[in-house]
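Structure first, commentary second.
The values are calculated or read from the model by the stated rules, or taken from the named source; none is laboratory data. What you are looking at is a predicted structure, and each value in this text was computed from that prediction instead of being measured. Note: ideal-geometry Cβ built from the backbone for every residue, glycine included; neighbour counts use all protein chains shown.
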Amino acid sequence: MNIQLEASGIKKVFNRRVIFRNISFSLRERNTLLITGRNGSGKSTLIKIISSVLSPTAGSIRIVSNDMPARPQAYAQLTGLVSPYLQMYDEFSAREMLSLALAIRGMRASGTIIVDLLRRVSLEDRCDDPVRTYSSGMKQRVKYAFALIHRPPVLLLDEPMANLDAEGVAIVQDIMEEQRREGILIVATNDLRDIRTYDLQIDLNAIH
Amino acid sequence: MVLKLFLGIWICAVIVLGLSLPMVAQPQHWYELPIVPGLEDKARIVFFHVPTAWLSVIAFVSSMIYGIRYLRGRQPEDDIKSASAAGLGFLFCVLATATGAIWAKVSWGTYWNWDPRQTSIFVLLLIYGAYFALRSSIEVEEKRAALAAVYSIIAAVTMPFFMFIMPRILASLHPEPILNVQGKIQMNTTMLLVFLSSLAGFTGLYYWMWNLHVRAQGVELHRIQS
Amino acid sequence: MPSIEPAHPSWLLSVVSIFRKDWQSELRTRYAISALAMFVITTISVILFSLGSEGAPPAALSGMLWVVIFFAAMSGLSRTFVAEEERGTAMTLQLMASPSAVLLGKLLFNLVLVMALNSVTVVLYGALISGFVIRTYSIFLVTIALGSVGLAAASTIIAAIIARANTKGTLYPVLSFPILLPLLLTVINATRLASEGALFEEAYGEFQVLISYIAVVIATSYMLFDYVWKD
């Protein structure tokens, strides 16, 4: 599959304060983008803009999938997001949450896709308990399953290793490797141990 | 500058004429106004009450139009224009409700009758109040502007229903002889002239105040941006 | 081989799933239903006590029924949007569904809630308030049905608006009342006709107003929802 993601002239103003401006980059499959910057520099804001949850004040994001430009309404289906700001519906179990995620996206799943993903993030034994009973590490892993269930070509990770133990970190590194092989990976973090290789870096500390 | 002075003189002239031109049963001279049966001298209020009521509606429509422009272009200037119009509209609406209540008391004995016109102006007042309550409860400017615009559109869209509902439900006590909904104005020429001048004068006043407010807010906006 | 149907997500499935999520969530936590039930019972009790043995004219009783319904709606219908904001799941929903699906799914949820609420309220009110008598049931039933749809429609878009504001609780009735007033006046009048024993045809005017109101509010909500929901 081929996938291209282009950002041109992204600017965000919030309550008359310029968070960042003139952010442009171009990514294709097997590219990795690293976004760094101190706390409050706008890493999470930029991630939200790329995943189309937030609109930029100026500039635009373009996604081209299999040589066809995607409609902006379809961007959410092409991206997967893991973020500390993302919350799950915690009265549901992990299995129900994934089933919900597919159904609300308007997709029908067949076969064992949900169980396979739960196994991959190592949640299969607690998958029927409500998410509210999970530890913070388990909740983080549910978020990964949620981000991957619709197999997005673009994966956005904001603070990828938050709350994870060694086993969790290994799972995520595996996920990152696979995403790097097949699609676009975008990571926002301050901890450079989270990610070893990347093609492009945007440092939001420098953009002011 | 000249326009401002001209406007000031115009309004003064309207007020003086509106209050002082004599009312006689059979107007003979150009400066005489007809007596409206049942209202007599109190009919003069039409020169002041009706323009404020019309302006409160015009201001609301204006606010909504600038709101729509904001939603399309996201220019802060459009939101400033929208909010300023609404602020003035609110002021005029309060005046219209108050002058209407006074007129009602003087003509029919009670301040409030729940007749269609009084109820409509009251609902407009509620809408203005709700609009400002909404604005003051949102801190993020872009969101405040967008949500206020959306609300004003929803309100504008549901308001016409009143015109259809009111006649079915409530009996009207509002006087029809001078001004009726078909627009046939049974004033004599002089009265009509004074009335239209008053309307023009008040509209000019509104526009002048709105313009002033928008420019002041614009200066504030650019000062902060730079 | 496990697979997902690619590229053509079903909007209808999205709408239904959002409705089901809200419903299942409600059944598990029971916030809105219990609050609403208590509200209706308390309000009708207050009315009963204040009327005492004197009662009130039938027109007033028609009005009071809808006062109860209006305030019950105000205490329960904002939850569908406000809860998403308070829990931080608004972004989650934005990632999954298109704005129109969110609006329609939540509108359906509020509609079911209002229908359930109104059925209970009407039954309780009719049973407990002795002066309230319906002579033309056909008018009354159509009024309740149309009134519920209109109430749900207007309440949902206003709920979406106030969910993004700060003082959500008190703001909701303040914003909703002017918008709902045409609806309230019409259904109160129709209820009065029903209690006076008017012919079904006499209420046609009211029904026309209600149907156009519903159409206008839903169309406007649909067109404006993007501006409310998306940041």
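Of the residues making up region C:114-139, those that are over 17 Å from C:Met38 (Cβ atoms), part of a helix (DSSP H, G or I) and not β-branched (Val, Ile, Thr) are C:Met115, C:Gly126, C:Ala127, C:Tyr137, C:Ser138.
Number of residues in region A:1-34 that are surrounded by 14 or more Cβ atoms within 10 Å (Cβ to Cβ) and more than 14 Å from chain B (Cβ to nearest Cβ) equals 18. Within region C:55-65, restricting attention to residues that are of a type in the set (A, V, I, L, M, F, W, C) and surrounded by fewer than 23 Cβ atoms within 10 Å (Cβ to Cβ), the residue that is modelled with the lowest pLDDT is C:Ala59. Residue count for region C:48-97, restricted to those that are among the charged types (D, E, K, R), part of a loop (DSSP other than H, G, I, E, B) and closer than 19 Å to C:Ile161 by Cα: 0.
For C:Leu65, the stated conditions do not hold, so it cannot be described as away from every other protein chain (no Cβ under 14 Å), under 20 Å from C:Val122 (Cβ atoms) and touching a Gly at 6+ places or on another chain (Cβ under 6 Å).
Scanning region B:142-150 turns up no residue that is farther than 30 Å from A:Gly59 by Cα, surrounded by 24 or more Cβ atoms within 10 Å (Cβ to Cβ) and of a type outside the set (Val, Ile, Thr).
At least 1 residues that are polar (S, T, N, Q) and under 21 Å from A:Ser44 (Cβ atoms) in each: list the strands (runs of 3 or more DSSP E) lying fully within region A:152-208 that qualify. Walk me through it before giving the result.
Details: elements: A:154-158, A:184-188, A:200-203.
Result: A:200-203.
Do you know which of the residues in region A:91-108 that are small (Gly, Ala, Ser) and without any contact (Cβ under 8 Å) to a residue 24 or more places away in the chain is farthest from the other protein chains (Cβ to nearest Cβ)? Here the answer is A:Ser99. Report whether or not C:Met91 is more than 18 Å from the chain's Cα centre (by Cα) and within 26 Å of C:Thr167 (Cβ to Cβ). It is true that C:Met91 is more than 18 Å from the chain's Cα centre (by Cα) and within 26 Å of C:Thr167 (Cβ to Cβ).
Within region A:170-208, the residues that satisfy the criterion of being closer than 17 Å to A:Leu155 by Cβ and among the β-branched types (Val, Ile, Thr) are A:Ile171, A:Val172, A:Ile175, A:Ile184, A:Ile186, A:Val187, A:Thr189, A:Ile195, A:Thr197, A:Ile202. Is it the case that C:Leu36 is modelled with pLDDT under 90, crowded, with 16+ Cβ neighbours inside 10 Å, within 20 Å of the chain's Cα centre (by Cα) and away from every other protein chain (no Cβ under 13 Å)? So C:Leu36 passes the test.
In region A:53-76, how many residues are modelled with pLDDT under 90, part of a loop (DSSP other than H, G, I, E, B) and within 16 Å of the chain's Cα centre (by Cα)? Number of matching residues: 0.
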